[in-house]
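Have a look at the structure below, then the notes.
The values are calculated or read from the model by the stated rules, or taken from the named source; none is laboratory data. The structure presented is a predicted model; accordingly, all values stated were derived computationally and were not measured. Methodologically, a virtual Cβ is constructed for each residue, glycine included, from the backbone with ideal geometry; neighbour enumeration extends over all protein chains shown.
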Amino acid sequence: MRFHRTLLPLLLWLLLPLNAFADPAFYRISKGNEQHWLLGSIHAGKPSLYPLPDPVERAWQQSRALVMEVDMTHISQAQWQEMGAITRLVDGKTLKDHLPMDLYRRTLIAAGQNGLTEAMLAPLRPWFAAITLTQAALERTGYRGEFGVDQHFAKRANDGGKPIVGLETLLEQLGYLASVGDNQTLMLESTLDELPELEKGFTEVMAAWQNGDQATLINLLKEEMAPPKLQAWLEQTLLAERNRNWVKKWPGLPNESFIVVGALHLYGEQGLLALLEQQGWRITPLTEPAAAD
């Protein structure tokens, strides 16, 4: 399978129906007397995604804590206010003032097609407008963040009184996204280019995840999914830098943690699996990956 040359599925995966033939990749991570379980997640889904495979459910029952990219269940009012300063324009201007007119017109057309208004996008920085459009378009295909694997387990942890640990704060995660900086107009333009193919592209991403298709996911990392400047930012900042920071926190995690992160964080030379092996952790697959084509 070859993915569309698209930025969108990767952004959603980072943020951002199981079949009967194979399971998503799921691992036991152990060293000495410590062990954890690591599940590569999709951050959007449908109700038909559940229940998850038996090995995942058994590990969840045995685990003592949930570890996520960000603990969204304990966000203070002050943090929400700071989020506004990161995602919204603060120079007294609107999105229209920050974009070429032709790009702004395209943005409004896409907004209307996906249930958004000009007023909703007006205060947003271009990079956050791109993410807002992507999320709105994805929801129109039936995939919703509330049915993502991470949110599924966050709700179960809350309901069952299981502690939740974040590998980074909400503001740290938004800071990584905001670091696209001068390339945010390019990010919005690339997003608009690929919105018509979003459903097909995300369906392909979902199929690879459902099948535990590691080879296809690694190929996705190797493909050029965005203009070169954005590609470098995706690989170096959104993936590699965050992975290295997360691995530094591994020794302080509660023993027998159930860890859920975006699936693309697992693979490649700078992926979590490789970095953890370098630190002496043993990686044991607990689900059966898809057979090679």
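Of the numbered criteria (1) at pLDDT below 85; (2) under 20 Å from the mean Cα position of the chain (by Cα); (3) within 30 Å of G32 (Cβ to Cβ), the one T287 fails is (2).
For the range 169-176, the condition holds for no residue, the condition being that it is surrounded by 14 or more Cβ atoms within 10 Å (Cβ to Cβ) and over 16 Å from the mean Cα position of the chain (by Cα).
The condition of being closer than 24 Å to T203 by Cα, crowded, with 16+ Cβ neighbours inside 10 Å and among the aliphatic types (A, V, I, L, M) holds for only one of L138, L124, that being L138. Of the helices (runs of 4 or more DSSP H) lying entirely inside the range 180-279, those containing at least 1 residues that are at pLDDT below 95 span 184-194, 198-210, 214-222, 228-233.
When the residues of the range 25-41 are filtered to those that are buried (at least 18 other Cβ atoms within 10 Å of the Cβ) and out of contact with any Pro (no Cβ under 8 Å at 6 or more places or on another chain), the one that is farthest from L266 (Cα to Cα) is Q35. Filtering D159, D150 for residues that are over 27 Å from L103 (Cα atoms) and out of contact with any strand residue (DSSP E or B) (no Cβ under 6 Å at 6 or more places or on another chain) leaves a single hit, D159.
Please go through the range 167-179 and pick out each residue that is in a loop (DSSP other than H, G, I, E, B) and not acidic (D, E). Break it down stepwise before answering.
Of the residues in the range 167-179, the ones in a loop (DSSP other than H, G, I, E, B) are 167-169, 179.
Of everything in the range 167-179, those that are in a loop (DSSP other than H, G, I, E, B) and not acidic (D, E) turn out to be L167, T169, S179.
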